[in-house]
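The values are calculated or read from the model by the stated rules, or taken from the named source; none is laboratory data. The model shown is predicted, which means the values in this text are computed figures rather than measured ones. All Cβ positions, glycine included, derive from the backbone under ideal geometry; neighbour counts span all protein chains shown. Quick note on the areas: whole protein, heavy atoms, side chains included, nothing else; ligands and nucleic acids left out. Shrake-Rupley method; radii C 1.70, N 1.55, O 1.52, S 1.80 Å.
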Amino acid sequence: MAALLAREWQGIQMFPAATQTKLYDYLGKLKEENVNTLTILVMGKGGVGKSSLVNSIIGERIVPVSAFQSETPRPMMVSRTRAGFTLNVVDTPGLVEAGCVNDQALDIIKNFLLNKTVDVLLYVDRLDSYRVDTLDRQIVKAITDAFGKEIWQRGLVVLTHAQLSPPDGLPYENFFSRRSEALLKVVRLGAKLKKQDIQNSTIPVVLVENSGRCNKNEDDEKILPDGTPWIPNLVKKITDVVLSGGKGILVDKALIEGPNPNAKGKIFIPLIVAAQLFLVGQIKKWIEDDISQEVLPSWA
Ligand code: GDP
Ligand code: MG
């Protein structure tokens with residue numbers, strides 16, 4: 001499959017030398033743990049910078065980016081190999097249409113991923129949005145219903161447009177932590193993560209700046225306002241998530257066709273239905289008994 005079609009990862013050579021060194025370092029760490037392939041699924045609303053992020057990671061302009069809802073009409077997987085390592089990044093269409101979660105888009109994504117293992121989920125949104133609402137929660141819920149809660153053990157929240165000046169003179173750190181807290185809360189609620197799920201692993205929030213006008217350091221690396229080179233930082237966080245445990249999500253036929261992977265209680269449905277049938281039968285019998293025992297009034 002994809003590995004056979006993967007092209008040589010030329011884009012990595014386009015990164016500044018300092019970035020390349022760090023990237024090879026992280027790829028080496030993954031290979032040491034026998035991770036030779038990574039499939040990264042990129043999802044989120046439209047226009048948040050998913051396609052730009054895919055291009056930033058690969059280091060090539062490979063998937064179309066547009067300011068105006070051009071939207072990749074279908075998922076697209078970009079595969080690259082380097083030094084015995086295969087990187088697959090899956091760009092997807094936005095998950096919202098006409099103000100609602102587009103379940104069909106999710107089905108298409110799931111079918112596209114048939115027989116592939118999703119190692120990492122990048123849930124993308126913008127840093128410079130000022131609110132989260134029920135729609136965000138519904139998106140997280142839809143992703144969770146599609147792939148199972150476990151996907152969040154391999155999940156990162158990625159915030160684009162990181163090069164901003166917060167409003168009202170708020171310190172950057174303060175603005176960032178408020179925005180990430182608000183989003184993480186929505187993820188916890190939408191994914192119905194329990195206390196123990198959260199204690200075992202907190203979902204990292206990673207900043208990125210896809211713009212060509214992103215500031216750079218003396219090594220020519222694109223940096224965040226605090227000076228962190230963001231591409232190596234993102235790859236480091238991805239590596240940490242992969243090596244910290246959890247399992248990739250194999251998208252097999254059972255996951256695509258089977259019941260919602262979170263609805264484990266559904267195995268009780270036949271029992272509940274049987275109990276209900278029994279009850280209905282019992283009630284009918286009581287009514288029939290009542291009718292047969294009824295003493296009719298004389299006028300009847
Ligand atoms: P998608 O619909 O989520 O795939 O979003 P795109 O990648 O197509 O980006 C939508 C628009 O936002 C394009 O005009 C991009 O150039 C712009 N954009 C994406 N990421 C960033 C970012 O980090 N910073 C800035 N300034 N613009 C971005
Ligand atoms: Mg796109």
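Assorted remarks:
- ³J(HN,Hα) computed for each position of the range 19-27 - Karplus, 6.51 cos²θ - 1.76 cosθ + 1.60, integer Hz, glycine/proline x: 5, 4, 4, 5, 4, 4, 4, 5, 4
- Pairwise Cα inverse-distance average, inverted: Kirkwood Rh of the chain (Å): 21.4 Å
- Seen from Trp230, the other residues with C-beta closer than 14 Å to its C-beta sum to a net charge of +1, counting Lys and Arg as +1 and Asp and Glu as -1.
- Heavy-atom accessible surface of the range 109-240: percent carbon and sulfur, 1.4 Å: 47 percent
- The phi torsions of the range 233-243, fed into the Karplus equation with coefficients 6.51, -1.76 and 1.60 and a -60° offset, translate into couplings of 4, 4, 5, 4, 5, 5, 4, 4, 4, 5, 7 Hz, rounded to whole numbers, with Gly and Pro shown as x.
- The chain: angle of helix 172-190 to the longest principal axis, Cα-based, in degrees nearest 10: 30 degrees
- Against the chain, whose longest principal axis is taken from its Cα atoms, helix 269-293 shows a tilt of about 20°.
- Pairwise centroid distance, computed over Cα atoms, of the range 127-167 with the range 209-247, Å: 18 Å
- Accessible area expressed per residue, the chain, with surrounding protein chains retained (probe 1.4 Å, Å²): 55 Å²
- Karplus 3J(HN,Hα) series, Hz, for the range 159-171 with 6.51 cos²θ - 1.76 cosθ + 1.60 (x for Gly, Pro): 10, 8, 6, 6, 8, 9, 9, x, x, 6, x, 4, x
- For the set Lys149/Lys284; Lys194/Lys237; Lys149/Lys222; Lys31/Lys216, the pairs lying more than 31 angstrom apart at their alpha carbons are Lys149/Lys284; Lys149/Lys222.
- Interchain or long-range residues, amide H under 5 Å from Val158's placed H: Tyr123, Val124, Asp125, Val206
- Square roots of five times the Cα gyration tensor eigenvalues for the range 192-265, Å: 36, 16, 12
- Using only side-chain charges placed at the Cβ, +1 for Lys and Arg and -1 for Asp and Glu, the dipole size of the chain relative to its Cα centre rounds to 340 debye.
- Amide H to amide H distances under 5 Å link Val132 with no residue, where only residues 5 or more positions off or on other chains count and H is placed in the peptide plane.
- Largest to smallest accessible area among Glu33, Glu8, Glu60 [probe 1.4 Å]: Glu33, Glu8, Glu60
- Taking the charge dipole of the chain about its Cα centre, with +1 at Lys and Arg Cβ atoms and -1 at Asp and Glu Cβ atoms, the residue from Gly99, Leu207, Met14 reaching farthest to the positive side is Met14.
- Taking amide hydrogens as placed 1.01 Å from N in the peptide plane, the amide H of Thr86 sits under 5 Å from those of Thr37, Leu38, each at least 5 positions away in sequence or on another chain.
- Label-point separation in nm, Asp219 to Arg7, each point 7 Å along Cα→Cβ: 2.7 nm
- Computed over protein heavy atoms with a 1.4 Å probe, the carbon and sulfur contribution to the accessible area of the range 38-103 reaches 53%.
- Accessible area, probe 1.4 Å, largest first, for residues Ile108, Ile198: Ile108, Ile198
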